[in-house]
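The next block holds one structure in the form of structure tokens; read it before the comments.
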Amino acid sequence: FVAKYLNALFNGWVVVGMLIFGGVVFILIELAHKNKQYRINSLEEISFKQAFCIGIFQSLAMIPGTSRSGASIIGGLLLGFNRKVAAEFSFLLAIPTMIIATAYSIYKEPELLSNANS
């Protein structure tokens, strides 16, 4: 039952729709925050609660076609981060995400580590 709905998310139209939706949201957020005074101007000012909220935004990237970095940057802007801090924090969040994704891929397919020429 659940698998049917999860598989439906990987439809090409869902990906295209989310790419377009994400782009429009990004443009609207940028326009709304064009002349805004930001509350968070350095990484040191980010609280645990704000970091957790950015993680929630990042989890939206589980929907195919949604940008992980875009979701976390938008979340940062909505929480009052300036653009530079939002982008830096998004980059830092990518490090553990990529390490975990790589470790999971190796766990699922250990032959990825084998020598292809042997």
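Every number here is computed from the coordinates shown, using simple stated rules; none is lab data. This one's a predicted model, so the numbers in the text were calculated from it and none came from an experiment.
Things worth noting here:
- Of all aspartates and glutamates in the structure, the ones whose alpha carbon falls short of 18 Å from that of K36, not counting any fewer than 8 places away in one chain, are E45.
- Calculated Rg and Dmax of the range 2-113 using C-alpha coordinates, Å: 16.2, 52
- Couplings 3J(HN,Hα) for the range 18-32, derived from phi with the Karplus relation 6.51 cos²θ - 1.76 cosθ + 1.60 (θ = phi - 60°), are 5, 4, 5, 4, x, x, 5, 4, 4, 4, 5, 5, 4, 5, 5 Hz, where x marks Gly and Pro.
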